[in-house]
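Chemist: Have a look at this one before I ask anything.
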Amino acid sequence: MINVLGDATIAELGSELKGRIIRPEDGLYETARRVWNGGIDQRPLRIVQAATTGDVVRAVRFAASEGLPIAVRGGAHSVAGFSTCDDGIVIDLSAMNSVQVDAAGRRATAGGGTTWATFDEVTQAHGLATTGGLISSTGLGGFTLGGGIGHLVRAYGLACDNLRSAQVITADGSVVTASAEENADLFWALRGGGGNFGVVTSMELDLHAVGPTVLGGVVFYAGSEAANIVAGWRDAISGTPDELTTLVNLTTAPPAPFIPESWHFKKVAAVVACWAGAPEAGEQVVAPLRKLGTVVADLLAPIPYVALQQLVDPMWGPGAANYFTSAFVDRLPDDAIAAFAGLHARSGDLPVQAEFHIHQLGGAMGRVAPDATAFTDRQSPFIVNCIARTPEASLLAPHRALAIQARDAMAAYGNGRLYVNFTGEGGDDKAKAAYPPSTYARLQRVKDRYDPHNLFRYNQNVRPSGA
């Protein structure tokens, strides 16, 4: 690491902050520099743990004046590692995590470092929720700015569809509000365009009547029947009401108490469901999902919404090396399903974790006009997310290759675009692969206006036209 900063320069910044600066020589540095994906090992020059919007303004202006890159950290779950950087400034928003609920107006305002665990806890006290992440330690910011697919996506749309306004610190250190009424071009870009345009220090989101109990959970089936399970799931969800959002996950059974011991570490096909309406009204709708094959464990039942949101948390803690890759899919013919299931059968067993997800889309998210937000794709009925996870980064490469192979097998049945939140590597080609040409061009015009020198480039980067 090259320390290009003088002590006086750092002292001046530190004296202005309500939060604190962590340096490589500080005892907290090794812990503070780590992110959720253990496959990312970078050493920032300084970590600014911001306590206020003013802290973020000062950090942005400081980095810009010193010619240093900026990585913005909310929940630190960026699989591609965009929550950190080498030899730059990390702006850590984790202390900015307050949530205020307007229950009558069904809105919540959350700080840029809020996680879904905190947001759900506060909003569920009022019987309200919005589409959130499937791992509750994920941050609202990156999840929402990239789109946001979760258990309520068919009932209430993407997280970005529920964004009503955002406070943004732009590259010149200005504090602006983005909404349908103010800076509408920026507001459009924030809803699906990722972290390209500034630091979002607070977000106002729509809320909906959900919970405190929903009908949800997972049914585990024998992995040897995976192709039949996926095909049966595909047929069972055809024409289902918007209240139902499901996914199928080809995975390996963990040694969890809710799975019979004889199935621990064996391949399974898991069907995950959330019925967002009254639980009793969904029983008949989810019934076909309970009889797709040989049942290993049926955990589909009335469950607190908060518990559903945290269902997989124990299996997705920090520290492991992760790789995600994705593709939108327009159809699921039997031959594609067979190939997908065959690749999963070849994947490693625990402690290596391979998960091949197919998420059901449509419903409310599909009725938003394609040009209303920057989100990639409204019309594909499915998206696949192929995941490799190993306890050490050195083990990841062959499993990463298999995840890519599985992604490619399914991408042949879609439009070729990927989803920025499910993409485990960066590069200009990734942003261009995520958006139709007309959308990318519009995003670039917004980038030209708010970040013409590409200060915010630790994201699936839309490069300004002059870069």
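Chemist: For segment 1-118, with all protein chains present and a 1.4 Å probe, just round the carbon and sulfur fraction of the accessible area to a whole percent.
Modeler: That fraction is 46 percent.
Chemist: Could you give the semi-axes, largest first, of the ellipsoid that matches the chain, computed as the square roots of 5 times the alpha carbon gyration tensor eigenvalues and rounded to whole Å?
Modeler: Computed over the chain, the values are 36, 24, 21 Å.
Chemist: Rolling a 1.4 Å sphere over the protein heavy atoms, what is the accessible area per residue of the chain, to the nearest Å²?
Modeler: With the other protein chains kept in place, the chain gives 37 Å² per residue.
Chemist: With both partners inside the chain, how many of the DSSP beta bridges are antiparallel, as a percent to the nearest 5?
Modeler: So the antiparallel bridges in the chain amount to around 90 percent.
Chemist: Can you tell me how much longer the chain between A307 and Q284 gets when fully stretched, taken as 0.36 nm per residue apart minus their C-alpha distance, in nm with one decimal?
Modeler: Additional length available on full extension: 6.1 nm.
Chemist: In whole percent, what relative contact order does the chain give with Cα contacts below 8 Å and a gap of six or more residues?
Modeler: 16
Chemist: How would you order 170-179, 278-287 from highest to lowest mean count of nearby Cβ atoms within 10 Å?
Modeler: Result, highest mean first: 170-179, 278-287.
Chemist: In Å, the Kirkwood hydrodynamic radius of segment 137-192 over pairs of distinct alpha carbons?
Modeler: 11.9
Chemist: Ignoring everything except DSSP H segments at least 4 long, calculate the 222 nm mean residue ellipticity for the chain; use -39,500 (n - 2.57) per segment, divide by total residues, nearest 500.
Modeler: -8000 deg cm²/dmol
Chemist: Something else: Which GluC sites (Glu not before Pro) from segment 138-236 combine a DSSP loop assignment with at most 14 other Cβ atoms within 10 Å?
Modeler: Listed in order of number, the matching sites are E181, E182.
Chemist: Setting aside same-chain residues fewer than 8 positions from K430, which lysines have a Cα under 22 Å from its Cα?
Modeler: K447
Chemist: Based on the mean of other Cβ atoms within 10 Å per residue, sort peptides 258-264, 138-144 so the most packed one is first.
Modeler: So the order, starting with the most tightly packed, is 138-144, 258-264.
Chemist: Sticking with this one: For segment 111-182 and segment 234-259, write down the distance between their C-alpha centroids in whole Å.
Modeler: 24
Chemist: Using mean Cβ contacts within 10 Å as the protection proxy, how do 147-157, 212-222 order, highest first?
Modeler: Taking the mean over residues of other Cβ atoms within 10 Å, the ranking is 147-157, 212-222.
Chemist: Among the lysines, which fall within straight-line cross-link reach of K267, defined as a Cα-Cα distance under 19 Å, with same-chain neighbours fewer than 8 residues apart omitted?
Modeler: K291
Chemist: Okay, next question. Given L418, N322, L45, which one lies farthest toward the positive end of the charge dipole of the chain, if we put +1 on the Cβ of every Lys and Arg and -1 on the Cβ of every Asp and Glu?
Modeler: The residue sitting most towards the positive pole is L418.
Chemist: Still on this structure, please answer the following. Mind listing which trypsin sites (Lys or Arg not before Pro) in segment 48-137 are in a DSSP loop and have 12 or fewer other Cβ atoms within 10 Å?
Modeler: In loop regions of segment 48-137 (DSSP not H, G, I, E or B), there are no sparsely surrounded trypsin sites (Lys or Arg not before Pro).
Chemist: Further question: Between segment 342-379 and segment 31-93, what is the separation of their alpha carbon centroids in Å?
Modeler: Between the Cα centre of segment 342-379 and that of segment 31-93, the gap is 28 Å.
Chemist: Can you say what percent of the DSSP beta bridges in segment 52-137, counting only those with both residues inside, are antiparallel? Round to 5.
Modeler: 50
Chemist: Out of A11, G150, I22, whose Cα points farthest toward the positive end of the dipole of the chain (charges: +1 Lys, Arg; -1 Asp, Glu; placed on Cβ)?
Modeler: Going by the charge dipole, the pick is G150.
Chemist: What is the percent carbon and sulfur in the accessible area of segment 418-467, measuring with a 1.4 Å probe over the protein chains and ignoring ligands?
Modeler: With neighbouring chains kept in place, the figure for segment 418-467 is 48 percent.
The values are calculated or read from the model by the stated rules, or taken from the named source; none is laboratory data. This one's a predicted model, so the numbers in the text were calculated from it and none came from an experiment. For neighbour counting, all protein chains shown are included, and Cβ atoms are generated from backbone atoms with ideal geometry for every residue, glycine included. The area values use the complete protein model at the heavy-atom level, side chains included, leaving out ligands, DNA and RNA. Shrake-Rupley method; radii C 1.70, N 1.55, O 1.52, S 1.80 Å.
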